[in-house]
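Here you go, one structure.
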Amino acid sequence: MNNRIKFAYHLHGWKFDPLKKTELKQKAQKILPEEYQSEMEGSIYCPECCSPLYRSPKKKAQSESGRKAFFAHAKSSKAPCGLRSKQAEGKKYLSEELALKAVQSEVEDINGPVVHAPIGRHRGDNFALPSKFKTIRSITRNFDENIYRYFYMPNGRYAVQLQDLLVDIKSVRDTVDTPRLYFGKIKRSYNAGKKPSNIRMTMLDYDSSKSEFTDFCFKLSDLEQKEKGIDDDAEGRFLIVYGKVTESGTGLCIKGAKWGEFALLPRKYEYLL
């Protein structure tokens, strides 16, 4: 994911106010860089911090160097924002007040188990925060909003922006013992047997020319995959899955995922990947 700002909020006449972010998100139109029009100048805003953005280049589809048009923060914008950074950064709440603010502004509509966020203070207290999601399917709903939110992964010390947690399966070159959050485009899916209890082989788009492994597969029973909409007609859909990468013959695979650890991304959000 090269361009970290996938879309902008457009709302004519709105002026940046950190206390009115909810108003912007409720009333604004979401626009992609290619949907930008010159009359929108001065009225497009960041999906995370809600401060002003600009489009570069303003009119052309790409720059002279060949880079596609993108959104970036206006130079006048000083609001802290994770989308300014090119590298994945975590958030560690420094006070109960900041943690409470995060809960009140971002988590009130998402149910999940309670996790403990470390508070960087001299007495080393922890502050109980609701986690942002309970299942992978829950993050695929409103994915355009969730991709900019910060999530705690199991055993993680910091909350990290979702787009920095997602790993493209095409970039995996070897086995990975630590469970991570992966996404991949389905090339083919088929039941390796005749019964619903048999393994369904869901082959994912993978560049074997850059790896010693020939392919990448998601392996789980036919019944369990079909419950999530993964069947013989799933070609072209995006799978998001949490798990370890292991060897499977001459290829790589993720297998044995639990019910809440995988889901298909709704088609309307595929442009974000």
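Please treat every number below as a calculation from the coordinates, not as lab data. Everything quoted here is computed from the prediction, not taken from an experiment. Cβ placement follows ideal geometry from the backbone for every residue including glycine, while neighbour counts extend to all protein chains displayed.
Please state the shape class of region 1-56: rounded when a/c is under 1.5, otherwise prolate if a/b exceeds b/c and oblate if not, all from the C-alpha gyration tensor.
Numbers: a/c = 1.84, a/b = 1.31, b/c = 1.41.
Since a/c reaches 1.5 but b/c is at least a/b, the shape of region 1-56 is classed as oblate.
Among 259, 14, which comes first, then next, by fewest other beta-carbon atoms within 10 Å?
259, 14
If you don't mind, there's one more thing I want to ask. How much length is gained if the chain between residue 35 and residue 59 is pulled fully straight, taking 0.36 nm per residue apart and subtracting their Cα-Cα distance, in nm to one decimal? Numbers along the way, then the final one.
On the way: separation 24, 0.36 × 24 = 8.64 nm, distance 1.08 nm.
That pair, residue 35 and residue 59, stretches by 7.6 nm at full extension.
Just tell me which lysines come within less than 20 Å, Cα to Cα, of residue 58; anything on the same chain fewer than 8 places away is out.
Correct list for residue 58: 6, 30, 68, 75.
Let me ask another. Once a ≥ b ≥ c are taken as the square roots of the eigenvalues of the Cα gyration tensor of region 139-189, is the result rounded (a/c under 1.5), prolate (a/b larger than b/c) or oblate (a/b not larger than b/c)?
It is oblate, given that a/c is not under 1.5 and a/b is not larger than b/c.
Also, I was wondering about something else. Direction-averaged shadow area of the convex hull around the Cα atoms of region 165-272, nm²?
Result: a mean projected hull area of 6.6 nm².
Still on this model: Nothing charged except the Cβ atoms of Lys and Arg (+1) and of Asp and Glu (-1): what's the magnitude of the dipole of region 8-84 about its Cα centre? Round to the nearest 20 debye. Don't jump to the answer; show the numbers that get you there.
Details: 15 positive and 8 negative charges, 35 e Å.
So the dipole magnitude of region 8-84 works out to roughly 160 debye.
Given 0.36 nm per residue, what is the gain on full extension from residue 244 to residue 190 after removing their alpha carbon distance, in nm?
17.3 nm
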